[in-house]
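Working notes, structure below.
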Amino acid sequence: MDIECSCGFGCVKKTSKILKKVKGLYNPCDSCLEPKLKKFKSLKDQLDLEKLDADYGLCKCGKRHLDIVMAHTLKIMMDEGIRDEKSTLRNTCTPLITPAYPTKTAPYILEKSVVILADEMTKGCADRIISEIPEIKGVLKGNIRQTVGLKDSDSSPHVYKLLSGCDMRCDVVSTQYGDICIYRNQAEVHVEFSKPVSPKVEILNKFIDKYENPRILDCTCGPGTLGIVCLKSGAKRVVFNDLWYPATRMALVNLQVNGFETDSFDTDKGLIGSGDNFDVYCEDIADLKGILNEKFDLCIIDTFPGVDINVFIDSVKDLCNEIVVI
């Protein structure tokens, strides 16, 4: 299947290519400027805003400190009347770095390395940010506290609004079977922040290790992270499923970039893709029992907060020997 990003600028890359450079990608060189800006102090009291442009703080290595990039963003938001003159870096926006990789200190970033999410934003301001700040590749309007996606069949979907640029992001997830890359169109798939060790993967490992080459149903797969971990661990078969089509579409992309060849089908419901030892479905979990004529060793349930987990358990309990709720 085609794994090219819809923006056409090569945002989606194979995991092997990302991992070759990501570990040192956000480290400063000896010449990089450390701005030492205070997050809770008014920006205008710390910097001469007239000097803030694309060259301010830019090192010869091509990187700028994330705080400077956010300061530049805040300046434009203040110019456009979205933030007032007392605004601080803390209330500017949420920077979502790509590829996301855990660092001990604030990162130094290159061009097209950040998607920003702001609760207040206009199209005109977003266009200015994309035009004037090289490090920012996409601007989203939305509240980070609101979960993106579809909680269950009785809910209405919630998405962020992409105002300018491209919202494709990559997260590097560390596992005991090797690092994997998980891509998301961030307007449509829930945000997760990169950590040195994924708590969800740690929980899953305790169950996977009980089996030898298990058959696994990932019935709320999202963009495919846990199911891909299962395949990397040596699972005999994995069935991915999610009610939210944008998530399952990204699961197909993520299988491909992590080395699992996929065929995709021209449908947004039912069986939407498959490979040698996996299938990807977009179905209501309540309908899976009537669709899947097979038994699984393990079923993974990873739902959004506030969802009645018992409904999910009742839907899959006859399909598997064991259920792990993450």
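Looking at (1) hydrophobic (A, V, I, L, M, F, W, C); (2) open to solvent by 60 Å² or more (accessible area, probe 1.4 Å); (3) at pLDDT 95 or above, which one does MET121 not meet, given that it meets all the others? All conditions pass for MET121, except number (2).
Kindly list the number of the only condition in (1) in a loop (DSSP other than H, G, I, E, B); (2) out of contact with any Lys or Arg (no Cβ under 6 Å at 6 or more places or on another chain); (3) polar (S, T, N, Q) that fails for THR248. It is condition (1) that THR248 fails. One residue stands out in segment 91-137 among those that are assigned to a strand (DSSP E or B), of a type in the set (A, V, I, L, M, F, W, C) and in contact with a Gly (Cβ under 9 Å, 6 or more places away or on another chain): the one that is farthest from LYS21 (Cα to Cα), namely ALA118.
No other residue among ASN321, ASN277, ASN310, ASN293 is open to solvent by 10 Å² or more (accessible area, probe 1.4 Å), closer than 30 Å to SER16 by Cβ, of a type outside the set (A, V, I, L, M, F, W, C) and out of contact with any Gly (no Cβ under 7 Å at 6 or more places or on another chain) apart from ASN277.
Scan segment 33-55 for residues that are surrounded by 14 or more Cβ atoms within 10 Å (Cβ to Cβ), within 29 Å of the chain's Cα centre (by Cα) and over 21 Å from THR94 (Cβ atoms) and the total you get is 2. Only a single criterion out of (1) surrounded by 14 or more Cβ atoms within 10 Å (Cβ to Cβ); (2) more than 26 Å from the chain's Cα centre (by Cα); (3) not in a loop (DSSP other than H, G, I, E, B) is not satisfied by VAL69, namely (2).
Just one of the numbered conditions (1) buried (at least 16 other Cβ atoms within 10 Å of the Cβ); (2) under 22 Å from the mean Cα position of the chain (by Cα); (3) at pLDDT 95 or above is not true of THR303: (3).
Being crowded, with 20+ Cβ neighbours inside 10 Å, more than 11 Å from ILE228 (Cβ to Cβ) and not aromatic (Phe, Trp, Tyr) is the filter here, so list the residues in segment 174-190 that pass it. Across segment 174-190, the qualifying residues are ARG184, ASN185, GLN186, ALA187, GLU188, VAL189. The single condition among (1) under 22 Å from the mean Cα position of the chain (by Cα); (2) buried (at least 24 other Cβ atoms within 10 Å of the Cβ); (3) not in a helix (DSSP H, G or I) that ILE216 does not meet is (1).
Taking the numbered list (1) among the acidic types (Asp, Glu); (2) assigned to a loop (DSSP other than H, G, I, E, B); (3) open to solvent by less than 20 Å² (accessible area, probe 1.4 Å) in turn, ASP171 passes all entries but (2).
Which members of segment 227-245 meet the condition of being under 20 Å from PHE312 (Cβ atoms) and either of a type in the set (A, V, I, L, M, F, W, C) or open to solvent by 10 Å² or more (accessible area, probe 1.4 Å) (or both)? VAL229, CYS230, VAL238, VAL239, PHE240, ASP242, LEU243, TRP244, TYR245, listed by residue number. Is there any pair linking a residue in segment 247-267 that is farther than 17 Å from SER233 by Cα to one that is open to solvent by less than 10 Å² (accessible area, probe 1.4 Å) and basic (Lys, Arg), with Cβ under 7 Å and at least six apart or on different chains, and which? What qualifies is MET250/ARG184. A single entry from LYS86, LYS104, LYS13 fulfils the requirement of being more than 16 Å from PRO134 (Cβ to Cβ), more than 28 Å from the chain's Cα centre (by Cα) and not aliphatic (A, V, I, L, M): LYS86.
The values are calculated or read from the model by the stated rules, or taken from the named source; none is laboratory data. Quick caveat, the model's predicted, so the values are computed rather than measured. Please note: Cβ atoms are built from the backbone with ideal geometry, for glycine as well, and neighbour counts cover all protein chains shown. When the accessible area is computed, the model is the full protein with side chains, heavy atoms only, and any ligands, DNA or RNA have been set aside. Shrake-Rupley method; radii C 1.70, N 1.55, O 1.52, S 1.80 Å.
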